[in-house]
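Accompanying notes for the structure given below.
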Amino acid sequence: MTRLVVGPFNRVEGDLEVTLDVAEGRVRSARVNAPLYRGFERMLEGRDPRDALTITPRICGICSISQSAAAARALGAAMGLAPTPEGAAMAALIHAVENVADHLTHFHLFFMPDFARPAYAGRGWHDRAVSRFTAVEGGALRAAVQARAELLHIMGLMAGKWPHTLAIQPGGVTRAPGLREKLRLQASLRAFRRYLETDLFGAPLEDFAALPDATALMHWTRGDAGLFLEIAADLDLATLGRGAGRYMSFGAYPLAEGPVFARGLWEGGTQPLDTGAILEDVSHSWMLGGAAHPARGRTEPDEAMRETAYSWCKAPRLAGRPVEVGALARQVVDGHPLALSLARDGGVLARVAGRLLELARTQGVMERLVADIQPAALFMAQGTLPREGAGEGLVEAARGALGHWIRIEKGRIAGYQIVAPTTWNFSPRDSAGLPGPLEAALEGVAAGEGEAVPLAVQHVVRSFDPCMVCTVH
């Protein structure tokens, strides 16, 4: 048995360390360490509840809208205040733009550059991967960065700035779009659709979204998506880094009539989601206290860093079991046939293809939200902060299920807990010894000799899209 400690992993944020026990060239077991403690939950204690809207988005500069949306939902629940229908729709639009931008960034800047490495020289697709995805210089990267920047003009119109906007509030949004803004939003979305259909998919988005199963997917040859699928077939990414087959979604983009992408738990079939069954286990975390639901939990670091623990990340579990979250999970829970087919393997291919599928589907969602804008509508409802109260805010960030839980006493924050998507996916073992989703997915992966960070390991880690500052918030 050989022990490898690999990390940091660059491109998103480097605070990730993975310990691999390797035998006969394959990973026998993995332990994922978040070696950073930040303490945002402790910073919020004793503050005015509205401060959560300012402070929690600073957890991450990549998914700050997700944190804003979750904080607004939690505060709104404590106030007994729901956003107006039009306010909810515009909050969903702002959130969807951020998630789409994150998916685009992950595919082009974080994931695909690994296939331009010299280690893959001689593969039939390698020269094209170098041309399209070499860091900084690749043609696909330059086009994606430009398209992303133009898409984020929507943030300027609707959110004032990005990241760390205050536009999303418990009662809706602070910006009421007029006819001029509606026309500009539509123009931005038309330009983004042209980019997607020209570069990424090479065909109408509806054609990709209509693919019925993984077999049909692997016959897609157009655009940069087609190049990825050719690489995935050659390297058998379908079976690399398989998950446990349990997927959870809090439901993406809540509107007056319900979420755009469904809420639920999927394990061979969709089940209702009971968020009361969530517990944060700290048996292998450098945290004090016992397992608790986030509404009753606390964040108290173990400054002695006891030897039986190995991460600052908690281990959230649903009914005592780990679950995988993310774009694939959202599309599986939503019942899309391609996602359900991909879930049979649930490996690297499935996670990345899940993001591509969501990109194709979310474009239509954003277009419909803008088309339905009624400039004369009410975009914000007013409410009053309670002296005593509690609430939860459940949303879907690009990386998956994000939850905020607030408890207010005497007009101040008495407790605030956050469970981020990467807290679910990158969690350590729990008291029953069950590994987190990434730890389990790494078991059996090839760990070649002479590689500081084996490429197969990197592909699995990056397929989950690590963002460790969100994990430990």
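The values are calculated or read from the model by the stated rules, or taken from the named source; none is laboratory data. These numbers were taken from a predicted model, which means no experiment stands behind them. Cβ sites come from the backbone with ideal geometry, for glycine too, and all protein chains shown count toward neighbours. We work out accessible area using only protein heavy atoms, side chains counted, and drop any ligands, DNA or RNA first. Shrake-Rupley method; radii C 1.70, N 1.55, O 1.52, S 1.80 Å.
Before moving on, here are some points about what is shown:
- Index of the failed condition, residue 143 passing every other in (1) out of contact with any Asp or Glu (no Cβ under 6 Å at 6 or more places or on another chain); (2) in a helix (DSSP H, G or I): (1)
- Test: residue 303 is of a type outside the set (Ser, Thr, Tyr) and touching a Gly at 6+ places or on another chain (Cβ under 6 Å): no
- Taken over the range 422-473, the criterion of being touching a strand residue (DSSP E or B) at 6+ places or on another chain (Cβ under 8 Å) and of a type in the set (Lys, Arg) is satisfied by 429 alone.
- Candidate set from the range 121-139 (those that are farther than 21 Å from residue 465 by Cβ and not in a loop (DSSP other than H, G, I, E, B)); member that is farthest from the chain's Cα centre (by Cα): 127
- Breaking point among (1) under 30 Å from residue 158 (Cβ atoms); (2) without any contact (Cβ under 8 Å) to a residue 12 or more places away in the chain; (3) aliphatic (A, V, I, L, M), for residue 371: (2)
- Of the criteria (1) open to solvent by 10 Å² or more (accessible area, probe 1.4 Å); (2) of a type in the set (A, V, I, L, M); (3) touching a Ser or Thr at 6+ places or on another chain (Cβ under 7 Å), which one residue 329 fails: (1)
- Take the conditions (1) assigned to a loop (DSSP other than H, G, I, E, B); (2) of a type outside the set (A, V, I, L, M); (3) in contact with a Leu (Cβ under 8 Å, 6 or more places away or on another chain); residue 165 misses just one of them, which is (3).
- Residues being exposed (fewer than 14 other Cβ atoms within 10 Å of the Cβ), of a type in the set (D, E, K, R) and over 21 Å from residue 369 (Cβ atoms) - total across the range 180-212: 0
- The set of residues from the range 443-459 being of a type in the set (Val, Ile, Thr) and modelled with pLDDT of 90 or more comprises 445, 457.
- The range 205-216, residues that are within 24 Å of the chain's Cα centre (by Cα) and over 18 Å from residue 362 (Cα atoms): 213, 214
- Among residues of the range 134-155, those that are under 16 Å from residue 225 (Cα atoms), free of Cβ contacts under 8 Å to residues at least 40 places away in the same chain and among the hydrophobic types (A, V, I, L, M, F, W, C), counted: 1
- Residue in the range 234-247 that is farther than 30 Å from residue 395 by Cβ, open to solvent by 70 Å² or more (accessible area, probe 1.4 Å) and touching a Ser or Thr at 6+ places or on another chain (Cβ under 8 Å) present: no
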